[in-house]
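The next block holds one structure in the form of structure tokens; read it before the comments.
The values are calculated or read from the model by the stated rules, or taken from the named source; none is laboratory data. If you're wondering where the values come from, they're calculated on a predicted model, not measured in any experiment. Using ideal geometry, Cβ is built from the backbone for each residue, glycine included, and neighbour counts are taken over all protein chains shown.
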Amino acid sequence: MAESTTPTCIIAEDESLLRRALVERLGKAWPELRILAECEDGASALEALAEHRPDVAFLDIRMPGLTGLEVATAAIEASPHTQIVFVTAYDQYAIDAFERGAVDYLLKPITAERLAATVQRLQARSGNNEAAALSALLQRLAPAARAVDAPEPLTWITASAGRETRLILVDDVAYFRADNKYTTVMTAEGEALLRTPIKELLTVLDATTFKQIHRSTIVNLRAIAGIVRDDSGRGTVRLKTRPETLAVSAPFMTLFRHM
């Protein structure tokens with residue numbers, strides 16, 4: 001890491017108390033480090049990575065929507081020089097692989113001694129992330145991530161359309177879009193309103209079928225007819241059963257290339 005510039009980082013941790021504790025401990029272990037963004041979910045972490053291109057990213061593995069592993073995969077293209085540090089409470093994520101890979105890890109609860117060792121390793125590195133090594137590591141970690149016990153994904157929802165309450169199969173949903181404190185549910189038949197914010201939906205939807213393509217939009221991959229990328233790096237999704245198109249922000253386009 002270059003000595004002439006102030007080192008920068010982002011932190012992604014969905015539990016606010018743990019996020020605050022990490023910020024405080026980093027302040028003591030690495031006073032020169034400038035924290036550019038504190039993120040509470042994977043989507044905001046990915047956007048922060050693409051915007052700031054920090055020297056270091058501390059990524060919680062288990063987050064709503066995009067996991068830390070998915071954010072790290074996208075970071076290979078979105079911010080290739082960023083050094084990745086995974087934060088996890090689960091030792092099943094092949095801890096030995098971290099020790100041989102291009103990243104470091106912190107096991108919760110994070111101790112001052114372990115954080116100090118991580119800071120020393122980060123400071124000793126050049127800052128040029130070994131993308132090939134990181135990519136290989138993420139491929140080894142993916143099966144372990146899928147093996148983690150998770151609740152059964154949501155199969156149906158109740159949503160309001162005017163005075164009518166509809167029972168909607170999740171498989172019939174083309175996409176969800178944030179609407180203030182609520183969420184608009186779009187199907188081939190039309191739209192309905194769900195009293196559940198997108199952040200909560202991300203924790204109960206099948207992550208292999210529903211993907212976030214924008215901070216405010218989750219799309220059903222089975223409903224996609226095609227994706228077009230423009231010169232700016234952003235994308236447009238065409239749907240099989242809906243006439244409108246959906247915008248894909250540039251950072252999220254990297255996820256489609258690694259699916």
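Here is how the numbers come out for the structure above:
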| read-out | value |
| --- | --- |
| Pick from region 214-236, criterion touching a strand residue (DSSP E or B) at 6+ places or on another chain (Cβ under 7 Å) and hydroxyl-bearing (Ser, Thr, Tyr), ranking: nearest to Ala188 (Cα to Cα) | Thr217 |
| Selection count, region 215-233, where residues are modelled with pLDDT under 90 and under 15 Å from the mean Cα position of the chain (by Cα) | 1 |
| Failed criterion for Ala145 (all others in (1) at pLDDT 95 or above; (2) not in a strand (DSSP E or B) hold) | (1) |
| Matching strands (runs of 3 or more DSSP E) fully within region 151-259 where at least 1 residues are within 25 Å of Ala48 (Cβ to Cβ) and in contact with a Leu (Cβ under 8 Å, 6 or more places away or on another chain) | 173-179, 182-187, 210-214, 217-220, 235-239, 245-248 |
| Given (1) charged (D, E, K, R); (2) modelled with pLDDT under 90; (3) farther than 19 Å from Ser135 by Cβ, number of the condition Glu38 does not satisfy | (2) |
| Breaking point among (1) β-branched (Val, Ile, Thr); (2) surrounded by 15 or more Cβ atoms within 10 Å (Cβ to Cβ); (3) in contact with a helix residue (DSSP H, G or I) (Cβ under 9 Å, 6 or more places away or on another chain), for Thr241 | (2) |
| Test for Asp14: is it at pLDDT below 85 and either acidic (Asp, Glu) or surrounded by 16 or more Cβ atoms within 10 Å (Cβ to Cβ) (or both) | no |
| Residue tally, condition among the charged types (D, E, K, R) and in a helix (DSSP H, G or I), over region 16-39 | 5 |
